[in-house]
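Below you'll find the structure, written out as structure tokens, and then a few comments.
Rule-based calculations on the coordinates, nothing more; no lab input. Only a predicted model underlies this, so the values are computations on that prediction, with no experimental measurement involved. Using ideal geometry, Cβ is built from the backbone for each residue, glycine included, and neighbour counts are taken over all protein chains shown.
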Amino acid sequence: MNTIISIAVFLFLFIIFIYLGFSGKNFRPGDLNNMHEWALGGQKLGTFLAWFLIGADVFTAYTFIAVPSGIFAAGSLFFFAVPYVAVAFAIAMIVMPKLFVVSKEKGYITGVDFVKDAFNSKTLTILIALTGVVAELPYIALQVIGMRAILTSMLMPFSGIKTISDIALIISFIILAAFTYTTGLRGITLTAVMKDVIIFATVIVIIIAVPLMHGGFHAAFKAKPVYSMLPPNFAAAYLSFFIMSAFALFLYPHAINGSLSSESAKKLRKTSALLPIYAIGLALIALFGILVYAVKPAMSILDKFPPSIRGAMVVPTLIQSTMPPWFTGFAFLGIFIGGLVPAAIMAMASANLLVRNVYKEFKPNLSPEAETKMAKWLAVVFKFVALGFVFAVPATFAISLQLLGGIIILQTLPAIFMGLYMKSLNKNALILGWVLGMITGIYFVEKVNNFGLIAKTLISTPFGLIFIGVIALAVNLAVVLIGSYIPKLFQSSIVNS
């Protein structure tokens, strides 16, 4: 009976979600056959709507599933997510308004549009665009892992749970693809508002109610005292994780897409100033990975799952074992669409890159209508291609998907972030830096995982364990700076002599 109530509430709210998604075409309407209108919502989002939309990139399955899962399985190291988002928003405050101003003036839809104009290199444009596309795929897959965890937990009493959850996932993605195709960013924005309202309500209730009922964090840390402090040998890993992840977040195409949808640079700055509210929410959610140790019924359920997926089930199990059925359905819907909404904007951003910055490089006379139509269909395709990444990483270590994407997307930092401020960067040096940084990152990831399933992104160095993204980006930056400025110094010295 309890399960039926949860499912009923879940389905009722999901119908509202679908309605909002398809209603987007009537929200501040525009010509959705135009890429500017479909992909950026006509740049009509004010401070708070942009806040909800960009926040949807933070409150994802990464927040509700991957971070608590990592903390549950490995402890305090994964608290890096808390300072990471705080620093990321500071970086956004500096970089995104500048990129917005340039994009508004030039009519850019993607960050790679800027790279194309700034460096006038077809090769660099295609490489940076493809990097964004590839980096988004594991991030979308992470959303699927979170959604699957919710369905697994909710449907546990039923036989054939895997078949039912797989069918439910497919149906959900078909619905998502349909309203993304027809309404674009407008539908995503309206559903993002619903998602965040539910998630904020869930976080507040859980963080207050569960400690009162089950002895609070005192009991949790008593059960896992080692989680109360960061082991000294993980200090370098912690620092490198949060610093590199902070630089990576607003390099992702979906984060840039969300930022460029703002109405003005002034309103984008206000939005960025409000984003740390999400960091507070993430900090509380991260604690769920420890709080669950104080809830014996939840731990009894988790023990029934194999270690490979146990961590991913932490938050759903914590909610289901402590909350009434109606609230469980309410919270589960929030987490479920917390995967669907970001997956939609990630797929859209990837499609934009592939059409505008790859395909159009070979067919520059593509009409605006054909460009938009192709992007719409590719956004549908990307949602389903990303499903294949789900099987590359054990669900308990789903956070590795985000970290893997971070290693990849960091290689675009010189061209996008540095390119905004350093006009003298050499395009050939940027290309060579990208190639060597990418090879370095992928090789070391494969090496530390013995060329098998990806569960690790740290490598042992004389300074301790360090995130592989640091090494890959350092190689990239060294090549870019040496290749851009050393030849000029030689030329200057020859002229002066």
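Please list 376-383, 273-280 highest first by mean number of surrounding beta-carbon atoms within 10 Å per residue. Mind showing how you got there, number by number?
Working: 376-383: 20.5, 273-280: 16.9.
With the highest mean Cβ count within 10 Å placed first, the list reads 376-383, 273-280.
Measure nothing but the geometry: give the 0 to 90° angle between the long axis through the Cα atoms of 81-106 and the longest principal axis through the Cα atoms of the chain, rounded to 10°.
Relative to the chain, helix 81-106 is tipped by roughly 40 degrees.
How far is helix 235-249 tilted, in degrees, relative to the longest principal axis of the Cα atoms in the chain, given as a value from 0 to 90 rounded to the nearest 10?
Relative to the chain, helix 235-249 is tipped by roughly 70 degrees.
Past the 31 Å Cα-Cα mark, which pairs from Lys373/Lys456; Lys116/Lys447; Lys44/Lys383; Lys106/Lys376; Lys25/Lys122; Lys383/Lys423? Mind showing how you got there, number by number?
Numbers: Lys373/Lys456 39 Å; Lys116/Lys447 34 Å; Lys44/Lys383 26 Å; Lys106/Lys376 23 Å; Lys25/Lys122 35 Å; Lys383/Lys423 36 Å.
Pairs exceeding the cut-off: Lys373/Lys456; Lys116/Lys447; Lys25/Lys122; Lys383/Lys423.
Given bins 10 angstrom wide, list per bin the percent of all Cα-Cα distances in segment 20-152, short to long.
Each 10 Å bin holds this share of Cα pairs: 9, 28, 37, 21, 5.
With a sphere of radius 14 Å drawn around the Cβ of Thr271, what net charge do the other residues whose Cβ falls strictly inside it have (Lys, Arg +1; Asp, Glu -1)?
Around Thr271, the surrounding residues sum to +2.
In what order do Val314, Val58, Val385 fall by count of nearby beta-carbon atoms within 10 Å, going from fewest to most?
Working: Val314 30, Val58 22, Val385 15.
Least crowded to most crowded, the residues run Val385, Val58, Val314.
Beta carbons within 10 angstrom, averaged per residue: use that to sort the peptides 351-364, 323-336, 76-89, highest first. Intermediate values should be presented prior to the final figure.
Working: 351-364: 19.7, 323-336: 22.9, 76-89: 21.3.
Top of the packing list down: 323-336, 76-89, 351-364.
Between Val381 and Ala209, 0.36 nm times their residue separation minus their Cα-Cα distance comes to what?
Residue separation times 0.36 nm, minus the Cα-Cα distance, leaves 57.8 nm.
What's the exposure ranking of Leu284, Leu403, going from fewest to most Cβ atoms within 10 Å? Display every interim value, and only then the final one.
Values: Leu284 15, Leu403 26.
Lowest to highest Cβ neighbour count: Leu284, Leu403.
Convert each backbone phi in segment 303-312 into a coupling constant with the Karplus relation 6.51 cos²θ - 1.76 cosθ + 1.60 (shift: θ = phi - 60°), then list the ³J(HN,Hα) values in order as whole Hz, x for Gly and Pro.
4, 7, 8, x, x, 5, 10, 4, x, 5
Peptides 409-418, 30-39: what's the order by average Cβ count within 10 Å, highest mean first?
Working: 409-418: 23.9, 30-39: 19.8.
With the highest mean Cβ count within 10 Å placed first, the list reads 409-418, 30-39.
Within the set of other residues whose C-beta is less than 13 Å from the C-beta of His254, count the net charge using Lys and Arg as +1 and Asp and Glu as -1. Please list the in-between numbers first.
On the way: positive: Lys383; negative: Asp57, Glu136.
So the surrounding residues net to -1.
List, in order, the whole-Hz ³J(HN,Hα) value for each residue of segment 467-481 obtained from phi through the Karplus relation with A = 6.51, B = -1.76, C = 1.60 and θ = phi - 60°; use x for Gly and Pro.
Computed from phi, the couplings for segment 467-481 are 4, 4, x, 4, 5, 4, 5, 4, 4, 4, 4, 4, 5, 4, 5 Hz.
To make sure I understand, if each residue's beta carbon is the centre and we count other beta carbons within 10 Å, what order do Leu481, Leu99 fall in, fewest to most? Walk me through the numbers on the way to the answer.
On the way: Leu481 17, Leu99 23.
Neighbour counts put them in this order, fewest first: Leu481, Leu99.
Please list 3J(HN,Hα) in residue order for segment 281-296, calculated via the Karplus relation 6.51 cos²θ - 1.76 cosθ + 1.60 where θ = phi - 60°; whole Hz, with x for glycine and proline.
For segment 281-296, the Karplus curve yields x, 5, 4, 5, 5, 4, 5, 4, x, 9, 4, 4, 5, 8, 9, 4 Hz.
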